[in-house]
Each structure stands twice: as structure tokens, then as C-alpha cells.
Amino acid sequence: MNEPNEDPTFGKLFWLSLPVGAVFVAVGAITALRQHGASQPVALVAFLVGLWLIHDLVVAPTVFAVGAGLRHRVGGRSRAIVQAALIVTGVVTLVSIPFVAGWGRDPQNPSLLPGNYAAGLFAILVATWVIAGVSLLLVWRRAKRTP
Amino acid sequence: MSRLDDLVRELSGKAPQKGPLREGAFDGSRLHQRRIAAILGIVLGVSFTVCFLTGMLSHLIQYPPSWFAWPAQPAGLYRFTQGLHVATGIASIPLLLAKLWTVYPRLFRFPPLTSVAHLIERVALSPLVAGALFLLFSGIASITRWNPWPFSFPVAHYVAAWITIGGLIIHLGAKASVLRPALARAGTDHSDPAATPSDGLSRRGLLAVVFGAAGVLTLVTIGQTVRPLEWLGLLAPRKPTVGPQGFPVNKTAQSAGITAAATSPDYRLQVTGNIATPRTFTLDDLRAMPQREVTLPIVCVDGWSANVHWRGISLRDLLGSAGATEGATVEVRSLQVAGCRYCTSELNASHAWDEETVLALEANGDVLDLDHGFPVRLIGPNRPGVMQTKWVTEVVVR
């Protein structure tokens, strides 16, 4: 299953895309500098780099660590089901953080974030794991029947 | 260039022989192969392009250059484009995370750089990856009104959009040559992708789960703009029927600081500017005028929308009776203290003279709630909510 460790080949399209992409990046950078009062370039760069580092140094390694842990603990066809449920759990939980925490809530404006998001998240996760659990049962039963 | 390429390769060093960074450590995983990265990349390319175009459209509508005139009809077009912008952004979250996960091991490939072009391509990834993460993070934070930053969200989101799409264009240019072989089924995998997995998710299985997660996120948030799915909006930041008079509020009267002025008996609506005689109306004057009823959505840039039945004075009739020239543009001013971004809004000729544009006094059968803009608010078709000025006190004809 080895994939060739390919040497990327850079064709004409790459050299053509370079100035076009650079113009887009420049429009962004120039806008940030021209509206520096609103864009706060230093803080903006800190956020851009910070989120990138959080992803590359925390989120991705955590996912790989969980994946590696799973490899040792759950075998066979059950693993795919657990992986699927964990992916949905992880993504939905991540997205729900600002909703559940309610950092944006405004006591004067109850129409903003009107739901009970902790209960909503819980419901989604319960549904996910119920589906996963039923799938696991089916896989195990089939495995028992056909040893 | 070849001597420079050699130098780049030499500076890249050698692969470690052991540990998770050793050469070929991830080669065994079919999930990190090029085909899945290519498929996710194509879908993300489409979703980010949709977000970029709808976002730029929203920007043009709010800051129209001289060559751009956004029409008042079809009335629900902005509702569709902005709903699509936010929904596509939300659905992109699992796609982006999965894409970054599939290509993550490549960060540790040896040699990290093989040529000058490769170096440039790697550098160009930084605006793409950082920008994409920022766009989705700031978008989600913003629709929950969480602003953990010192900059203006619209400006930062706009800047990041240009930077990200710039990075995307270069990335597409760099990957164009490997896209076709990566997508070609033969030769990329030694197993049937649809085959029953024996050791975890298959490629097709991973894609199904990632698209499934995008679907789940869409289902539990889209109810903020698609009314029939409101009940499913477990993670929707707004519910279209929740709020005073049965629809949501963005800026409250208290936060705008207009409560005293809006409820004062001294309130007047003035019509001024390029007309023969400026006119002034009390609230009773306005109520005594012929009323027009329209059902129009209030559409927030945050992606929520709600249908509301409005009753008030047709702006077209008001302008006509004040002697404004048909086709004149109009600025509507709020009681909100001058200097804020949304204290005023411009109506181009299409919006100012549209049959459905109304200075509303009532919503859903009752006098406007203070938070919805009492005593008078602007409501017109096909406009972002931030341009539906509340607590209107002056109509200036240009």
C-alpha cells in the first residue's frame, strides 16, 4: 500500500497561479493596513498564526493520538463504527463550544442564543452513539453467527 | 534553477530513521492517500468559493462602489445568498478538519523541500491554512456574537477571505498536475475502496462520515433561516420565531441608547434634502397616513432570517408627496448617535422607489417593539438587516 513519495511537479499552471494568488493576498494585506484601526493587523496576524498553531500542535496531534489509541483497543469492523462516532462527536462538540458556553449572550437580548445548547449537544451525541451502538450490536451478532 | 533546487534539498536535511516522523510512517494508512486529499480539496475549493462569492456580494451590497447597484427585487435573493454563505461555512468545518488531517503527515515528509517551486508552494500554504481556519473560527464565533478579538469582525473576515482565496489559487495551481492522477482510481490504491473495511474506516467510509458530519451540522443550524427546520435547530444561534413580536432582535434599544428619544412625545420624522419644502411628521401624523402592508423577511448578515408582516408608510408615496424626483437616492437616519456604522443606510433608486419599501410602524399586527425600531423602522426587500435602519428620524433625499 505504499504511495510513491512523489516529487511534486510544478507545471505552467503553478507559475501562472502564483501572481494571481499573490494579487488576492495583496488585496487582503493592503486592506488590513489601510484600515488598520478596524483590522488591528498585529492582533489579526496573532489570531491567524495562533489558530494555525493550535490546530497543528494541539488539535491534529490529539486526533492522531486518539486514533492510535483506538487502533490498540478496538479491532476489526467495530473500529470503523467507533471512528465514525468519534469523528461526529469531536466535530459537533468543537462547533458547539461557543453555543454551550454562551460567551456572546446578552441579558438584554434573549432572542440571541435562545436555545439550551448543552441539551442540544447532548441530544446530538446521544443520537450519534445510539446509532453507533446499534451498528456495533449488528456487527457483533453477525460475527457470532459466522465465526 | 537546478542549483538552487539542490541547495533547497540539501538544507532540508535527512529523514529520521525512527519514531512517528520516520520515512513512510503513514504510508500504510489508506486514509492519508492523495485521492482522499484530492476529493476533500475539490469539495473545499467549491465551498470556499461559494463563501467567498456570497461574502463579497454581501460586502458590495453594504459598501457599494459606483459601478454596483444591488436591485430591490427579487425580494428574497439576499436571504438566499447570505443563508448559503453561513450554511456553507458551517458545513465546511468538518471538511477542512478532515482535509488537514489527511495531509498532516506530509508536513513531516523528508526531504521537506525538493525545489524552489516546492518552497514557494509550501510558503503559499500558510495564508491558505491559517486563513481558512480563521474564517471558519471567526464565522462561528461571530454568529454567536462572541467576539474574543480587538478587531472589527467584518473587516478581519474580509481581509482573511482575500488572503485565503489567494492561497487557494496558488494551491490549486500547484496541485493541478497531481489532481488527475490522484483522482484516477487505478494505481492509487491496491484495494477496492468500496470493500468492506477490516481495520477501521475505508476511504469511502471516511468521506461518508465527514460529509455526514457536515450534514448533521447543517441540519442542526439551518433552522435559523429555513423556517420548517426551526424545530431541528439544536445549535441554531437564532430561532426565526423567538423574540419580541415573534422574531429575533439584533441590536437592542438599550444598547443603541435611544430609549428616551424613541419614546419621547417630541419624536418627529423629518423628510429633508433635495426637495422643495422639508417636511416634519409627528407619530400621529404618520399613523393617519395611508398604510401599506407587506410581508418581507428580515435577513441578518449572521445568516438568520424571519418572515414578518409589516404595516407602515410606503417610502415611495412619502417621497412622491414630498416632491422628490423619481429615481432619487435616499439616506435614512436613525436616532442612534451619529458616528456608528449602522446609524444610517443608503437606498439606491431601486430600493428607495420599490413598491415594497416601507417605513414600518407595526410588525405582525402590533405597534413595533422598541427593540424592533419603534416608532419607525425601514424595511425593504432584498436588503441585509443592518441596512434596515431602526428608530428612523430622518429621510434625506439626495
ask   = Which residue out of B:GLY273, B:GLY223 is touching a residue at least 12 places away in the same chain (Cβ under 8 Å) and not assigned by TED's automatic domain parsing to the domain that holds B:PRO297?
value = B:GLY223
message = Tally up the residues in segment B:379-394 that are outside any loop (DSSP other than H, G, I, E, B) and within 17 Å of B:ALA261 (Cα to Cα), please.
response = 3
inquiry  = Could you list, ordered by first residue, the pairs with Cβ atoms under 6 Å in which the first is in segment A:97-114 and at the interface with chain B (Cβ under 7 Å from one of its Cβ atoms) and the second is part of a loop (DSSP other than H, G, I, E, B) and of a type in the set (D, E, K, R), at least 6 apart or interchain?
reply    = A:GLY104/B:ARG145; A:LEU112/A:ASP106; A:LEU112/B:ARG145; A:LEU113/A:ARG105; A:PRO114/B:LYS239
Counted residues, segment B:207-220 - those being farther than 14 Å from A:THR93 by Cα and crowded, with 24+ Cβ neighbours inside 10 Å = 1
query = If you take the residues in segment B:128-173 that are surrounded by fewer than 21 Cβ atoms within 10 Å (Cβ to Cβ) and among the aliphatic types (A, V, I, L, M), which one is modelled with the lowest pLDDT?
reply = B:LEU172
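For segment A:77-99, name all the residues that are of a type in the set (S, T, N, Q) and surrounded by fewer than 22 Cβ atoms within 10 Å (Cβ to Cβ).
First, the residues of segment A:77-99 that are of a type in the set (S, T, N, Q): A:78, A:83, A:89, A:93, A:96.
Passing the criteria: A:SER78, A:THR89, A:THR93.
Of A:ILE30, A:ILE87, A:ILE81, which residue is assigned to a helix (DSSP H, G or I), within 24 Å of B:PHE134 (Cβ to Cβ), aliphatic (A, V, I, L, M) and in the same structural domain as A:GLY120 (by TED's automatic domain parsing)? Write out each step before concluding.
Values: A:ILE30 fails: in the same structural domain as A:GLY120 (by TED's automatic domain parsing); A:ILE81 fails: within 24 Å of B:PHE134 (Cβ to Cβ).
That would be A:ILE87, the only listed residue that is assigned to a helix (DSSP H, G or I), within 24 Å of B:PHE134 (Cβ to Cβ), aliphatic (A, V, I, L, M) and in the same structural domain as A:GLY120 (by TED's automatic domain parsing).
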task = Considering only segment B:54-71, state which residues are of a type outside the set (A, V, I, L, M), in contact (Cβ under 8 Å) with a residue 24 or more places away in the chain and farther than 16 Å from B:VAL86 by Cα.
result = B:GLN62, B:PRO64, B:TRP70, B:PRO71
note = Checked pairs for segment B:387-398, first polar (S, T, N, Q), second assigned to a loop (DSSP other than H, G, I, E, B) and surrounded by fewer than 23 Cβ atoms within 10 Å (Cβ to Cβ), C-beta under 8 Å and 6 or more apart or across chains, list as B:THR389/B:TYR342; B:THR389/B:CYS343; B:THR393/B:TYR267; B:THR393/B:ARG268
ask   = Within segment B:295-329, which residues are touching a His at 6+ places or on another chain (Cβ under 8 Å) and either touching a residue at least 60 places away in the same chain (Cβ under 8 Å) or among the aliphatic types (A, V, I, L, M) (or both)?
value = B:GLY303
message = Take B:LEU347 and tell me if it is hydrophobic (A, V, I, L, M, F, W, C), farther than 20 Å from B:GLN62 by Cα and not assigned by TED's automatic domain parsing to the domain that holds B:PRO64.
response = no
request  = Determine whether segment A:116-133 contains at least one residue that is in a loop (DSSP other than H, G, I, E, B) and either more than 8 Å from chain B (Cβ to nearest Cβ) or closer than 29 Å to B:GLN245 by Cβ (or both).
outcome  = yes
message = Being touching a residue at least 40 places away in the same chain (Cβ under 8 Å), assigned by TED's automatic domain parsing to the domain that holds B:ALA161 and at positive phi is the requirement here; does B:ARG79 meet it?
response = no
remark   = Among (1) modelled with pLDDT under 95; (2) facing another protein chain (nearest Cβ under 8 Å), B:THR102 falls short only on (2)
note = Filtering segment B:282-296 down to residues that are among the basic types (Lys, Arg) and surrounded by fewer than 16 Cβ atoms within 10 Å (Cβ to Cβ) yields B:ARG287
inquiry  = One residue is enough: does segment B:63-77 have a residue meeting the conditions under 21 Å from B:PRO297 (Cβ atoms), at pLDDT 95 or above, assigned to a helix (DSSP H, G or I) and under 13 Å from the mean Cα position of the chain (by Cα)?
reply    = no
task = Would you check if there is a residue in segment A:120-130 being at pLDDT 95 or above, exposed (fewer than 14 other Cβ atoms within 10 Å of the Cβ) and under 22 Å from B:GLY205 (Cβ atoms)?
result = yes
key: Residue match in segment B:313-324 (condition: among the charged types (D, E, K, R), modelled with pLDDT of 95 or more, within 27 Å of B:THR277 (Cβ to Cβ) and surrounded by fewer than 21 Cβ atoms within 10 Å (Cβ to Cβ))   = yes
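Can you pull out the residues in segment A:44-69 that are facing chain B (nearest Cβ under 8 Å) and surrounded by fewer than 17 Cβ atoms within 10 Å (Cβ to Cβ)? Walk me through how you get there before you give the answer.
In the first step, residues of segment A:44-69 are kept if they are facing chain B (nearest Cβ under 8 Å); the result is A:44, A:47-49, A:51-52, A:55-56, A:59-60, A:63-64.
Passing the criteria: A:VAL49, A:ASP56, A:PHE64.
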message = Quick check on my filter: what residues within segment B:110-147 are within 7 Å of chain A (Cβ to nearest Cβ) and assigned to a loop (DSSP other than H, G, I, E, B)?
response = B:THR114, B:THR144, B:ARG145, B:TRP146
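Please go through segment B:149-176 and pick out each residue that is over 29 Å from A:LEU16 (Cα atoms) and at the interface with another protein chain (Cβ under 7 Å from one of its Cβ atoms).
Within segment B:149-176, the first condition is being over 29 Å from A:LEU16 (Cα atoms), and the residues that meet it are B:149-154.
Scanning segment B:149-176 gives B:TRP149, B:PRO150, B:PHE151, B:SER152.
The values are calculated or read from the model by the stated rules, or taken from the named source; none is laboratory data. Just so we're clear, the structure is a prediction, and the values are computed from it rather than from any experiment. We place every Cβ from the backbone using ideal geometry, glycine too, and count neighbours over all the protein chains shown.
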